[in-house]
Every structure is written in structure tokens, then in C-alpha cells.
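Below: the structure, in C-alpha cells.
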Amino acid sequence: MAKVLIDADSFQFGRFLCRVFTARFVDPLLCVPDATQLVLHRPHTTTSDWYAYTVMLMQCLLFVGPYGGIYRPRHPAHRVPHEARPLRRITIFHPEVQYPKPAVPYGTLPDALLHYWHLVFEQDVREPFPLSLLDTLHWQRCARCGTAHARSVCPQCASAAPATVKEVLTRRGAVTVQRLFRTPGLILYAALQEGALHWLYSEPDQVRREDGTVVWHGALDPQIHYRLCGKATLLGKAGQVITLVPGHTPERLSVDSAGTQPLFDTNARARYWTAQGQLLRDGPWGPEYIGDVLAGQTHVWVGTRFGFGIYRAGELSVAFVFAAERRGINDTVRLPPLRGQWLDATCVFTDAHGWFFVATQVQGKIVHQCLQLDSQGHVEATAQAEQHDGSWLGTLHGKCAAGNCIFAPTDDGIVRLEPRHGQLVQTKVFPDTEPFVDSSCHLFAGQQRMYVVDRHEIRVLTIT
């Protein structure tokens, strides 16, 4: 039988040991025990590989790792840096760890699997993973509440009062919350354009717009990227974008792509895309040239008044801004160094400012950065955090902007950030919003109100 080596750059063999590790998957038993972060000082073993497998299994089933969440001990002397939690075995099961709201509740899984994770992550059991725990894992969907679980009894219905009904209109302190929309399917995309919120959602074998209009029939494709432009719905995949408008023949547009990601964006008035190294937009007589960019590498985002773009060539990042309705790009933007492997990026805008969010992987850690720029491309403020560190920047997406501020959803409620001496600083917390948002939500700032969009529901928050 032929043997194939995959990703062999970090293999070890005999006396040739591997010194590379990733903080999310390294076995803490191999690390310096009294350090303030994970520092490898013993060689990897077969059982440490099984430890990494168990971590990945938990992430696949719960969307959180064993040391996720926020550790908030009552006693100040018990506080430890987030990076040191694996060394202290402070897991998501610890009573003083705030479990992430976007994660799947671990109570949906069988007790046997949860107990095994407790043995591995808190009691240091190291052994090949018992496959019987997966062979007996049986998922089902509750016919009453729709919760997917792998237990004999639905954990949601078992813990909820029979007469509990979620109100459409709710008040908590200074916050009034009204449910605008709910679907048993998925909300695929939402955008606030010219003061109105538009969205796209799925139902069995079809996708609809906010007014109920069916956009297309068929199963969802996870590789499709969605955008909205007024009544138009755009579906992008690889190098193709299809524009769907009610009553019109679908239009196909060829665009550059980075891997499988099509490089395009929209605002309320036009489409913007790159093709064969050119940045283009819709004009009155067809595609209109804006400027030259690096083919297949240039990511662009656009607001109402201006847009932002960036491409990377090796470790070099070139950024630019452009007017939404004029030709020409300004590529004199000077960004702080963006080191490491680029994983994800997004942008939000007001008329005068843009906030660029980017996630990079540096030495096994995923780092999030936020850069505030004006419409001329001057960097006004920055912020940085590690992924899932519990801060407003622990997640990349979901923020919105108003004036010179940005608002971020967190598991503790909505927070406001403003520039202070070159740094983005948290200046206000809205604690009464805590029950209605979490870090996976998307915020949109309307007139005297905030729209909160999650996977299944849209709520309108009014803060008095």
C-alpha cells in the first residue's frame, strides 16, 4: 500500500523533534507548567495527538474549544491570563467561566461524552479516543421546539416551563425590544441601505427576500457569497456573480476571485468588482473603470460615499481608498504592519469614516486588528485583540458604525468604541441590551434604533 505524507513540514521522526505547536491544540502536559502562556518544552507524543483530536472534536460539535468563554472568578486572587487557562485546567465546565452565547450548549450532548471531555481536559487522561462515544452519538430534532440534540430527552423542553412564550415586545431597563422578523430557517445576509434594512433568508428548498419574494429554489450552497443592492440580490461563487432582480432575466458577471471567494461588493446604488486587474462599478452605460489593482488578490468593500481595498503580495500589504461615484484610487494609505497568514477581513462605513477589521494567524495565535480610517485613507485609530479573548474585538464581524463611533455586540451587551489618542477605546456599555445580543450577532444602526440580526431573528432595540 502506498504511503502519502500530508502537511509534513511539522512532522517529527526519531531524534528529529518537532518544535512547532499551535496554542489551541498543544497538550498543556508538554508545556512549562508555571508559565503565564503555553510554552512547549517536551516533544509531541501519540497521546498528545489524541489530545489535539479531542479538542478538534469539541470545536466541531460545540463551536468552542475546551478553554473558551470568559473566566471571571469572584476572588481577584484567582484571576489568571487567558493564555494560562490550559495550564490551570480552567475549562468551559468551570462554574466561574461564562460560556459563549454563540456556542452550542454542551447540554445538548450525551453525559458520557461530556464526562470523557472532563477527564481529558480537567483530569489529564491521555489515551486513544474511544470511538464508541461517536458510534452511539445519535442526533435528532425536537418536534416541539426544533432544538437539535443528541440526548434521550430534549434539554430545551426539559428545562423550560410549558407555558413559556417569548414576547414580541419586551422591555428591560432603558431598552425596548421588538421582534421584527423570525424564521425557522437561516438569515443569510442583511444590509442597511438608505435607511432601510434588507435581508435574505432561507426556507426549505427556497430563498426569500424581506418582503417574502422567492429569489430562487434549491438547496443552499455554503460557498455562495451574498450581497444586496436595493431590490437586486447577488450570489457570488468563485469567479461568477449572478444578479437576480424580480421580473428581469438573471445577469451573469465575471469577477476576479481569491481562491473560491469572488471579489465584489455593493452599496444601495451599484455593484463594485475587480476583473482582470481592474476595479469596476456599474455606470449609466455599463461597467465603469475606477482604477488598476492586483488581479486575483484585491479585496474591496464599499460604503455610501467611499470604499476601501487591500491586496497582499507576500508580506507587503497595499491599501487604497476610492470615491463611490468617481474614478481613481488613492493608494497612498499607510497601514500598520499586518503580519502572518490572512484569514478573514471585513469593513464597515459611515459617510466620513471606515473601520477595517482583519484576522491573521501569527505563530499559532489568531489576532484581530481594527483600523479606523477617514475617507482620504488616513489611519486615525487602531485596536488589537486575540480571537475569543472576551473583548469586543474577540470576534471579527457584526459591528456597525455611527458618526465617529462603532458599536460592537458582545455576550455582555452592546458596547461603544471611540478613538482616543490613536487607540479605539471602549467608552460605554449598554448592560440592558445583554439578554438580546451576543458576540455572533450583527448590528445595524438606524435612526434612533439598533437592528440586531442573528441566525434566525431580527430585533429592533430602542434605547432611551
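A single member of 364, 403, 398, 354 is under 29 Å from residue 321 (Cβ atoms) and at pLDDT below 95, and it is 403. Any idea how many residues of the range 66-104 are free of Cβ contacts under 8 Å to residues at least 60 places away in the same chain, within 22 Å of residue 440 (Cα to Cα) and not in a loop (DSSP other than H, G, I, E, B)? Summing the residues that are free of Cβ contacts under 8 Å to residues at least 60 places away in the same chain, within 22 Å of residue 440 (Cα to Cα) and not in a loop (DSSP other than H, G, I, E, B) in the range 66-104 gives 2. In the range 256-314, counting only strands (runs of 3 or more DSSP E) that sit wholly within it, the ones holding 3 or more residues that are surrounded by fewer than 19 Cβ atoms within 10 Å (Cβ to Cβ) and in contact (Cβ under 8 Å) with a residue 24 or more places away in the chain span 286-292. Taken residue by residue, the range 422-442 has at least one member that is surrounded by fewer than 16 Cβ atoms within 10 Å (Cβ to Cβ) and of a type in the set (A, V, I, L, M, F, W, C).
Kindly indicate the residue of the range 108-133 that is touching a Leu at 6+ places or on another chain (Cβ under 8 Å) and part of a helix (DSSP H, G or I) and also farthest from residue 185 (Cα to Cα) among those meeting that condition. Out of the qualifying residues, it is 116. Specify the residue that is nearest to residue 447 (Cα to Cα); the eligible residues are those in the range 347-395 that are aromatic (Phe, Trp, Tyr) and touching a residue at least 40 places away in the same chain (Cβ under 8 Å). For the range 347-395, the residue satisfying everything is 349. The strands (runs of 3 or more DSSP E) located wholly in the range 355-432 that include 2 or more residues which are over 22 Å from residue 335 (Cα atoms) occupy 405-410, 413-420, 423-430.
For the residues 421, 456, the requirement of being farther than 16 Å from residue 357 by Cβ, over 14 Å from the mean Cα position of the chain (by Cα) and without any contact (Cβ under 8 Å) to a residue 12 or more places away in the chain singles out 421. I'm trying to understand the selection: among the residues of the range 192-219, which are polar (S, T, N, Q), touching a strand residue (DSSP E or B) at 6+ places or on another chain (Cβ under 8 Å) and without any contact (Cβ under 8 Å) to a residue 60 or more places away in the chain? Of everything in the range 192-219, those that are polar (S, T, N, Q), touching a strand residue (DSSP E or B) at 6+ places or on another chain (Cβ under 8 Å) and without any contact (Cβ under 8 Å) to a residue 60 or more places away in the chain turn out to be 202, 206. I'm checking my understanding of the structure. Among residues of the range 433-451 that are under 15 Å from the mean Cα position of the chain (by Cα) and part of a strand (DSSP E or B), which one is farthest from residue 403 (Cα to Cα)? Here the residue is 442.
It is to be established whether one or more residues within the range 25-37 are more than 21 Å from residue 122 (Cβ to Cβ) and of a type in the set (S, T, N, Q). No; the residues of the range 25-37 include none that is more than 21 Å from residue 122 (Cβ to Cβ) and of a type in the set (S, T, N, Q). If you go through the range 220-237 and keep only what is farther than 24 Å from residue 147 by Cα, part of a loop (DSSP other than H, G, I, E, B) and in contact (Cβ under 8 Å) with a residue 24 or more places away in the chain, you end up with 223, 230.
The values are calculated or read from the model by the stated rules, or taken from the named source; none is laboratory data. Given the structure is predicted, the values throughout are model-derived calculations rather than measurements. Glycine also receives a Cβ, built like all others from the backbone with ideal geometry; neighbour counts cover every protein chain displayed.
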